[in-house]
Structures are given as structure tokens and as C-alpha cells.
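For reference, the structure is listed below as C-alpha cells.
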Amino acid sequence: MGMELMYYLPLMGAIGLVVMIAKAMWVNKQDAGDANMQELAGYIANGASAFLKAEWKVLGIFAAIAAILLGWSGTLVEHSDWVIAVAFLIGSFFSAFAGWIGMNIATKANVRTTQAARTSLKKGLQVSFNGGTVMGLGVAGLAVLGLSTLFIVFYNLYVNGASANGEEMMTALEVLAGFSLGAESIALFARVGGGIYTKAADVGADLVGKVEAGIPEDDPRNPATVADNVGDNVGDVAGMGADLFGSYVATILSTMVLGREVIASGDSFGGLSPILLPIVIAGVGILFSIVGTWFVRINKDTDSVMAALNKGNIGSIILTAIASFFIITWMLPESMTFQRGEVVREIARMNVFWAIILGLVVGFLMSYITEYYTAMGRKPVDSIVQKSGTGHATNVIGGLAVGMQSTFLPILVLAAGIFGSFSLAGLYGVAIAAAGMMATTAMQLAIDAFGPIADNAGGIAEMSGLPKEVRERTDILDATGNTTAATGKGFAIASAALTALALFAAYVGLAGITAIDIYKADVLAMLFVGGMIPFLFSSMAISAVGKAAMDMVKEVRRQFKEIPGIMEGKAKPEYEKCVAISTQASIREMILPGALALLSPVLVGFAFGPEALGGLLAGITVSGVLMGIFQNNAGGAWDNAKKSFEKGVLIDGQEFKKGSDPHKAAVTGDTVGDPFKDTSGPSMNILIKLTSIVALIIAPHINEGGHAPAAVPPQHDHELHDHGHEHGALSPNAANEEVAALDLTDRF
């Protein structure tokens with residue numbers, strides 16, 4: 001097939017979108033229930049649409065200004081072009097559209113899941129999971145279609161038969177990076193804004209409804225209930241969709257950029273095989289994710305929903321792994337060379353395959369470990385349940401401890417994955433491992449998006465006053481959804497870590513740096529500053545939730561006080577006022593965290609140069625990954641500790657259920673964990689990728705500004721070498737000490 005392969009790549013994305021449309025049509029055909037259920041679902045859908053419209057107005061202004069600046073900056077350096085602004089706008093649109101696809105189907109699947117649960121758990125799972133599948137295939141299909149189509153355009157525009165490793169390809173990929181920047185920028189605002197929205201409503205509803213008024217979760221008498229259900233869609237669906245779309249694109253892009261430095265002269269693709277490989281793997285991953293969805297089924301209500309989802313996930317991973325072997329054998333020559341300046345490394349074809357396998361294994365292990373720390377019935381969650389018996393404070397302490405402890409195994413797995421993939425195929429190995437991990441994103445997102453749909457279904461069942469067994473079925477789906485949401489976030493942060501490392505490596509190449517030396521004062525200083533940024537970002541996000549939640553609490557209290565008959569069910573609450581509070585607060589509060597992520601690399605890069613910016617990126621990546629894992633897992637564990645009380649728990653031999661003092665303590669822990677797991681925690685993976693992509697975009701500018709010093713001044717190395725020979729008796733230790741002395745005079 002040779003070079004023609006490139007022109008077939010968009011087809012795989014298109015196949016994903018065609019299946020997505022078929023699944024969406026199937027969901028829409030399902031019974032939406034009685035008039036009351038449809039009315040409640042309408043409130044949720046209208047609230048979600050109102051939020052997205054308000055958010056898109058702000059993001060439209062941001063995208064227009066950013067595109068103008070990008071287009072102007074693209075004309076100033078050799079390896080860029082004003083066309084980068086067009087790529088940025090397309091990436092922004094696709095990211096927002098991916099989020100809308102997920103939210104649109106979720107607001108239709110929720111009430112249909114409720115109605116399906118009146119029949120059986122099997123039917124409820126079928127509807128909710130198909131709704132999630134629409135989201136997964138929409139995100140993956142748009143990413144592969146958009147990225148591959150733009151690459152074809154830019155290849156013909158800039159490369160047009162020139163060397164796959166030449167400067168023309170560097171220009172094409174630098175312009176293509178605009179697509180990724182647009183995707184990640186929108187993802188950040190969508191994730192933070194959606195997270196603030198959902199948690200302001202959730203915290204407000206819980207504090208006044210469950211704790212003060214003593215009414216159940218999702219009780220229709222609670223004015224914040226509709227806003228809470230809207231939040232599930234704008235945060236956990238639209239926000240997550242934009243987030244994973246950005247991750248998916250950034251992973252493929254970073255691998256393509258590093259692929260330019262791999263010389264594969266013996267292939268049948270004009271040396272393009274290392275650049276095209278990540279898109280091919282992603283496209284095949286879509287096809288096998290579709291196959292994986294066929295395995296997600298249960299036969300009776302007593303079957304495990306989690307086991308069915310795991311079967312589909314593992315099936316898609318195994319099939320993708322098998323297919324990768326044949327793809328790599330077909331595309332890559334037996335041996336390739338990675339070359340960056342004087343650094344030359346031979347890469348064996350099979351080592352690339354093993355790096356992909358390693359990426360798939362790391363992704364699975366991260367999800368499995370996250371499940372262990374956040375699932376009901378597991379030791380970490382049970383430990384929080386037991387601590388609830390002695391009060392609110394001990395519950396919070398227990399959750400914090402679980403969250404901190406949960407960073408240990410994931411970081412070891414990540415470190416092993418980075419070390420192993422680098423040992424196999426160098427920097428390209430790390431990038432292709434991330435691409436392997438992200439290959440089954442469609443399946444991962446389907447499992448993830450099913451959770452908020454099930455959560456909404458339970459809310460509609462409660463508000464509609466449906467029979468107890470319906471709520472019990474939706475609760476089973478919802479509890480599983482809480483765990484899959486947590487595992488999805490574990491997967492997302494793992495992919496972000498590997499992707500950020502690949503982007504970091506690509507940035508170093510474009511910035512013209514041979515190494516980043518922490519002996520230098522500016523690099524070390526920026527390493528600390530970078531480590532601080534995820535904490536400041538989290539503080540902004542959590543504070544925003546706190547402010548918005550206070551407004552929500554005041555509004556709910558006002559309605560309980562001023563609208564007679566609410567508690568008796570004789571008067572309808574003013575749901576729309578709570579929706580408006582969440583919308584206004586989230587739009588207002590998302591600006592500052594977004595500006596921090598976008599501007600910090602620009603300011604450091606132009607003020608201190610590319611090496612100091614490298615230090616900043618390293619600090620943000622390490623600190624952000626740890627903060628993301630800690631907050632996601634602590635929040636997930638607190639949530640399921642609270643849910644454990646719904647069936648009853650034993651504490652010191654005594655059974656406690658909803659409404660008991662230990663349950664109230666668990667509600668407090670869950671409330672503390674809400675902004676952790678749904679606002680600041682999930683935003684960490686976007687933060688670390690977005691800062692790396694911004695650095696990649698500005699690399700040609702700060703490189704051409706003359707800020708790219710050598711890692712070790714060559715004359716020092718030469719002088720030491722001669723000095724050693726001249727005196728003859730200089731020991732290795734003495735030589736090392738003299739190296740340090742000479743280098744340090746230059747660096748501090």
C-alpha cells in the first residue's frame with residue numbers, strides 16, 4: 001500500500017463515527033418513560049444546554065483572540081506558519097463538539113435508562129452503556145479523523161515528498177500542534193468549568209438537603225437537585241469528553257513529533273512509518289473498542305456489572321495488542337535509528353511492539369489499582385467506613401490517608417513503564433507506549449460515561465417516585481459507575497503522565513536543547529515553581545467550588561424558608577434559579593485557573609529561556625501527577641464509603657444505615673471529596689499536558705531568541721580531558737569533582 005496508507009487513515013475515524021450514529025439512533029428509539037419522567041429529563045437537558053451555550057460564548061472569544069496571536073506568531077519563525085491558527089480553531093471546535101456529543105446523548109440516555117431499569121438491570125445496563133459508547137466513539141472518531149486529515153493537508157502543503165526527517169516535516173508537525181493546543185485549551189475550561197458547576201450543585205444539595213433537611217438524595221423537594229443532575233452531564237460527560245479528546249490528540253501528536261527523529265529508511269512509506277504508526281494504532285484501537293462493546297452484557301440481575309465492563313475492556317486491550325504485532329511487522333523496518341544531534345540510538349522493530357504492550361499493561365494496571373482504592377467492599381474504602389464511626393474528623397482523616405497512600409503503587413507502575421519503554425526504544429518508546437495505552441480510549445470512555453448516565457437515571461427514578469426496585473437497580477449501576485469514573489480518571493492521569501513526558505521530549509528537540517541541567521540556578525528555581533503550580537491551580541478550583549456552593553446553600557435555604565409547601569410536596573421548587581447560580585459561578589471562576597495554565601509556560605519561556613522552561617514543565621508534571629492521583633482516589637473512596645451505608649455497614653459489631661451519625665460523617669467526607677474527584681483532581685492531567693503543548697508551540701520562538709545553551713560547555717570537557725592527560729595521575733573521582741567545580745561556576 002506504501003504512501004497511500006496515509007490517505008486511508010481518516011477512514012478509521014469515520015467508521016467510529018458511523019457506528020456512533022447507529023448507537024445514538026438505537027438509544028433515541030428506546031422508551032423515555034411517562035410524562036413526569038420526561039419533564040424532569042427536560043429540565044436536566046435544558047440546564048445542560050444553557051450551561052454549554054454560556055460557556056461557548058466565553059470560549060469563542062478566547063479562541064478568536066488566541067487564534068489571532070498564534071497566526072501572528074507563526075509568521076515570525078522559520079518552522080511555523082499562520083496556518084497554525086486554523087489548526088487551533090479546528091482543534092477547539094472538535095474538542096467542544098466531542099463534549100457536546102457526549103452531553104447530548106447522556107441527557108437522552110438517562111431517562112431511557114430509568115425506564116429500562118423498570119424492566120431489568122440487564123436492560124438498564126444495555127441502554128446506559130450504549131449511551132456511553134456513543135461518547136467514546138465520538139471522541140476517538142473525531143480525534144483520528146481530524147488529526148489524520150490535517151496531517152494529510154499539511155504534508156502536501158509543507159513536505160510534499162521531502163525527507164520524512166527534514167525541516168519541512170518539522171514545520172508540518174509544528175503547525176499540526178495547533179490542533180492539539182486548541183483541543184487541550186477547550187478541554188481545560190470545559191473540565192474546570194464543568195467541575196465547578198457539578199460540585200457547587202452537589203455540595204449545595206447535600207449540605208442543605210441531606211444534612212440539614214434530612215431528605216434523601218435526588219429528592220424532588222430539593223431545589224438544587226436538577227442542577228446536581230445537570231452537573232453530572234456538563235462535568236463528568238462534556239468535560240470528560242473534551243478532556244480525553246485532548247489527551248488522545250496530544251498523545252498521537254507527541255509520538256509523531258518524536259517519530260520525525262526516527263530514521264526508517266528501509267520501510268515502504270518513504271520513511272514515514274514511525275510518524276504514521278501512532279495514528280494507525282489509534283484507528284485500529286477504535287475498531288477493537290467497537291468489538292469490545294459486544295462483550296459488555298449480563299444475563300440476570302444478580303450478575304456483576306463491573307465484571308461485564310471489565311470483560312469488554314480487557315477484550316479490546318488484548319485484541320489491540322495482537323493487532324499491533326502485525327501492524328508493526330508490516331509497517332516498520334527491522335531496525336531504525338533515533339537521531340537527535342549527536343545522540344544516536346538503534347531501535348529494533350520488536351522493541352516498539354513491546355513498548356506498546358507495556359503501555360497497554362500500564363493503563364490496565366492503573367485502572368485496576370484505582371479500582372482497588374475506590375471500590376466498595378475493598379479494604380481502603382472499608383477503613384474510611386470504620387473511621388466514620390468515631391465522627392466527621394476521623395472520616396476526613398481516613399480519606400486523606402487513603403488518597404495519599406494510593407499514590408504509591410501507581411507511581412511505581414508509571415516509573416516502571418517509563419523506564420521499561422525507554423529501555424526498549426528510547427524516547428520514541430515512551431511516546432509509543434502512551435499511544436498504546438490510549439489506543440482503547442473509545443472503550444475507556446464508554447465505561448466512564450456510562451457512570452453519569454446511571455447516576456442521572458437514579459436521580460430521575462427518585463424524583464419520579466418510581467418503585468423501590470427501580471432505584472435499587474439504578475443504584476447498582478450508579479455504584480459501579482462511581483468506580484468506573486474513578487478508574488477512568490486513573491487511566492487519564494497515567495496517559496497524561498506518559499504523554500507529557502513525550503511532549504517534553506519533543507519540546508526539548510524543537511527548543512534546540514541537548515539536556516536540561518538542574519545544577520543551573522534558573523532551572524532548579526523553575527523546578528520548584530513548577531511543583532507549586534498544581535497546588536495553586538487546585539486551590540483556585542476548590543475555592544471556586546466553595547464560593548459557588550455557598551451561593552447554592554443560601555439559595556436552597558431561601559427557597560425552603562420562603563416557598564410554603566415545598567417540604568410537603570405541594571409546591572414546586574424554583575429549579576432554574578439553582579441552575580443559573582451554578583452556570584454563572586462556573587463561567588466566572590474557570591478563567592483564572594485557565595489563565596494560570598496557559599500563561600505560566602509563556603512567561604517563564606520568554607523570561608528565562610528554554611532550559612528553565614524545561615525545569616518548570618518537569619515540576620508541573622511530577623507534582624501534577626501526584627496531586628491528580630491523590631485527589632481522584634481520595635474523592636472516589638469518600639464517595640463509595642458514603643454509598644456503603646445505603647445497604648448497611650457493621651462498625652464494631654453494630655449495623656448503621658442512612659441517617660445514622662456515622663452516615664452523616666460519611667456525607668461530610670464525600671462533600672470534602674467532591675471537588676477533589678470532580679474538579680481539581682481530573683484537571684491535573686489537562687494542566688500537565690496543556691503546559692507542555694504551549695511549550696511545544698513557543699519552542700521555535702524561544703530557541704530563535706538565542707536562549708538555547710549547551711548542556712555542558714564543550715570547552716570545559718575538552719580542558720578537563722587535556723588536563724587529565726597532562727597530569728596523568730588524576731583519579732576518576734578527582735576528575736568528577738573538577739567537572740562539578742568548573743560547571744558550578746557557570747551555573748550559579
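Can you tell me which residue in segment 90-128 is nearest to the chain's Cα centre (by Cα), limited to those that are of a type in the set (S, T, N, Q) and under 30 Å from Ile61 (Cβ atoms)?
Among residues in segment 90-128 that are of a type in the set (S, T, N, Q) and under 30 Å from Ile61 (Cβ atoms), the one nearest to the chain's Cα centre (by Cα) is Ser95.
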- Note on the structure: Reported set for segment 153-187 where residues are touching a Lys or Arg at 6+ places or on another chain (Cβ under 9 Å) and within 14 Å of Val694 (Cβ to Cβ) is Ser180, Glu184, Ala187
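May I ask you to verify whether Leu592 is within 29 Å of Ala497 (Cα to Cα), surrounded by fewer than 19 Cβ atoms within 10 Å (Cβ to Cβ) and modelled with pLDDT under 90? Before you say what the answer is, go through the steps one by one.
On the way: within 29 Å of Ala497 (Cα to Cα): yes; surrounded by fewer than 19 Cβ atoms within 10 Å (Cβ to Cβ): yes; modelled with pLDDT under 90: yes.
Yes.
From the list Ser247, Ser335, Ser265, pick out the single residue that is within 26 Å of Ala98 (Cβ to Cβ) and among the polar types (S, T, N, Q). Spell out how you get there, then give the answer.
Values: Ser335 fails: within 26 Å of Ala98 (Cβ to Cβ); Ser265 fails: within 26 Å of Ala98 (Cβ to Cβ).
Answer to the selection: Ser247.
For segment 663-699, name all the residues that are more than 27 Å from the chain's Cα centre (by Cα) and buried (at least 24 other Cβ atoms within 10 Å of the Cβ). Explain how you work it out, then say what you get.
Start the filter on segment 663-699 by keeping residues that are more than 27 Å from the chain's Cα centre (by Cα), which leaves 663-666.
The answer is Ala665, Ala666.
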- Task: Please enumerate the residues belonging to segment 670-699 that are of a type in the set (Gly, Ala, Ser) and touching a Ser or Thr at 6+ places or on another chain (Cβ under 7 Å).
- Result: Ser680
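Among the residues that make up segment 146-158, is at least one of them part of a helix (DSSP H, G or I), within 30 Å of Arg297 (Cβ to Cβ), of a type in the set (Gly, Ala, Ser) and in contact with a helix residue (DSSP H, G or I) (Cβ under 7 Å, 6 or more places away or on another chain)?
Scanning segment 146-158 turns up no residue that is part of a helix (DSSP H, G or I), within 30 Å of Arg297 (Cβ to Cβ), of a type in the set (Gly, Ala, Ser) and in contact with a helix residue (DSSP H, G or I) (Cβ under 7 Å, 6 or more places away or on another chain).
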- Task: Among the helices (runs of 4 or more DSSP H) lying completely within segment 221-322, list those that include at least 3 residues that are assigned by TED's automatic domain parsing to the domain that holds Met590 and under 21 Å from Arg473 (Cα atoms).
- Result: 225-233
- Query: Within segment 456-467, is there a residue that is surrounded by 24 or more Cβ atoms within 10 Å (Cβ to Cβ), modelled with pLDDT of 85 or more, among the hydrophobic types (A, V, I, L, M, F, W, C) and under 17 Å from Gly292 (Cβ atoms)?
  - Reply: no
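Looking only at segment 155-186, count every residue that is over 20 Å from Ala511 (Cα atoms) and under 23 Å from the mean Cα position of the chain (by Cα) and tell me the total. Show your work before the answer.
Within segment 155-186, the first condition is being over 20 Å from Ala511 (Cα atoms), and the residues that meet it are 155-163, 182-186.
Then drop every residue that is not under 23 Å from the mean Cα position of the chain (by Cα), which leaves 182-186.
Going through segment 155-186 one residue at a time, the tally reaches 5.
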- Return yes when Ile533 is at pLDDT 85 or above, assigned to a helix (DSSP H, G or I) and surrounded by 15 or more Cβ atoms within 10 Å (Cβ to Cβ) and no when it is not. yes
- Message: Quick check on segment 225-245. Is at least one of its residues closer than 30 Å to His79 by Cα, among the acidic types (Asp, Glu) and touching a Lys or Arg at 6+ places or on another chain (Cβ under 9 Å)?
- Response: yes
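Only residues that are under 15 Å from Gly420 (Cβ atoms) and either assigned to a strand (DSSP E or B) or in contact with a strand residue (DSSP E or B) (Cβ under 8 Å, 6 or more places away or on another chain) (or both): list them for segment 330-351, please.
Start the filter on segment 330-351 by keeping residues that are under 15 Å from Gly420 (Cβ atoms), which leaves 347-348, 350-351.
Scanning segment 330-351 gives Ile347, Ala348.
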- In segment 80-130, anything part of a helix (DSSP H, G or I) and β-branched (Val, Ile, Thr) is listed as Ile84, Val86, Ile90, Ile101, Ile105, Thr107, Val111, Thr113, Thr114, Val127
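For segment 55-67, does any single residue satisfy the condition of being of a type in the set (Lys, Arg), under 26 Å from Gly136 (Cβ atoms) and either assigned by TED's automatic domain parsing to the domain that holds Val284 or surrounded by fewer than 21 Cβ atoms within 10 Å (Cβ to Cβ) (or both)?
Residues of segment 55-67 of a type in the set (Lys, Arg): 57.
This time we only want the ones that are under 26 Å from Gly136 (Cβ atoms), so: none.
Checked segment 55-67: no residue is of a type in the set (Lys, Arg), under 26 Å from Gly136 (Cβ atoms) and either assigned by TED's automatic domain parsing to the domain that holds Val284 or surrounded by fewer than 21 Cβ atoms within 10 Å (Cβ to Cβ) (or both).
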- Query: Which members of segment 543-555 meet the condition of being out of contact with any Leu (no Cβ under 9 Å at 6 or more places or on another chain) and crowded, with 19+ Cβ neighbours inside 10 Å?
  - Reply: Val545, Ala548, Glu555
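Report yes if Ala162 is touching a Phe, Trp or Tyr at 6+ places or on another chain (Cβ under 7 Å) and among the aliphatic types (A, V, I, L, M), otherwise no. Explain how you work it out, then say what you get.
On the way: touching a Phe, Trp or Tyr at 6+ places or on another chain (Cβ under 7 Å): no; among the aliphatic types (A, V, I, L, M): yes.
Answer is no for this residue.
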- Task: Report, by residue number, each residue of segment 122-154 that is of a type outside the set (S, T, N, Q) and in contact with a Pro (Cβ under 6 Å, 6 or more places away or on another chain).
- Result: Leu145
- Screening Ala449, Ala416, Ala500 for residues that are of a type outside the set (Lys, Arg), out of contact with any strand residue (DSSP E or B) (no Cβ under 9 Å at 6 or more places or on another chain) and within 30 Å of Val127 (Cβ to Cβ) leaves only Ala449
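With a cut-off of at least 2 residues that are of a type outside the set (D, E, K, R), modelled with pLDDT of 50 or more and in contact with an Asp or Glu (Cβ under 7 Å, 6 or more places away or on another chain), name the helices (runs of 4 or more DSSP H) lying wholly within segment 651-748.
Those helices (runs of 4 or more DSSP H) span 661-675, 681-704.
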- Message: Among the residues that make up segment 536-559, is at least one of them in the same structural domain as Ser185 (by TED's automatic domain parsing), of a type in the set (Phe, Trp, Tyr) and modelled with pLDDT of 85 or more?
- Response: yes
- Task: With the condition kept exactly as written, say whether any residue in segment 396-406 is under 25 Å from Val139 (Cα atoms), over 17 Å from the mean Cα position of the chain (by Cα) and part of a helix (DSSP H, G or I).
- Result: no
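The values are calculated or read from the model by the stated rules, or taken from the named source; none is laboratory data. Predicted model only: the values in this text are computed from it and were never measured. Every residue, glycine among them, receives a Cβ derived from its backbone with ideal geometry; neighbour counts consider all protein chains shown.
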